Every structure is written in C-alpha cells, then in structure tokens.
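Shown next, in structure tokens, is the structure this report addresses.
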Amino acid sequence: MADESLLNRIEALVAEEHALQHREADDASDEDKLEDDRQRLAQVSVELDRCWDLLRQRRARRRAGEDPEQATVRDADTVEKYLQ
C-alpha cells in the first residue's frame, strides 16, 4: 500500500472515529446502539493504530535506504501492546 493510500485510509478512519464519538451521545438512550457504537469505535481505534504503525515502518525503511514495500501490517495484539 502506497503512503498516499495509507494516509487516505487513516483520514477515513479518523472521520469515522469522530462520527462515532458524536453519535455516541445521540445513542445514549439506546443501550444496543450505544454498545454497537462502542464496539465499532474500538475496532476503528485498533485499525488506526495498525495503519499508523505501517506508515511509520514505511517511512523508517525509506530513511534507512530500504524498500518501503517490504513493510508489513502487524497484528492488532502486537500494535496494541506498544508503549507510547
């Protein structure tokens, strides 16, 4: 995935994340909808972390003179356990 495509995916996920956060307030009276929103928000958050990780890998490889196409998407468990 090219950097531009990756950035477009990140932007789309951020937009969805913001929409879900705003919708959460509207769904406060409906427990089922609220739970669905929270579950999707958690999924989006993990996917965002994975996309950012891949972008960082690609940039690091490029800076090191390596092929950015060799960067790989890491599994959610790996990415979510990084210390920030």
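Summary of computed values
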read-out: Only listed residue being in contact (Cβ under 8 Å) with a residue 40 or more places away in the chain and either open to solvent by less than 40 Å² (accessible area, probe 1.4 Å) or assigned to a helix (DSSP H, G or I) (or both), chosen from Arg9, Arg23; value: Arg9
read-out: Qualifying positions in region 66-78 - open to solvent by 70 Å² or more (accessible area, probe 1.4 Å) and not in a helix (DSSP H, G or I); value: Glu66, Asp67, Thr72, Val73, Arg74, Asp75
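The values are calculated or read from the model by the stated rules, or taken from the named source; none is laboratory data. Please read all numbers here as calculations on a predicted model, not as lab measurements. Quick reminder, even Gly has a Cβ in these numbers, built from the backbone with ideal geometry, and neighbours come from all protein chains shown. The area values use the complete protein model at the heavy-atom level, side chains included, leaving out ligands, DNA and RNA. Shrake-Rupley method; radii C 1.70, N 1.55, O 1.52, S 1.80 Å.
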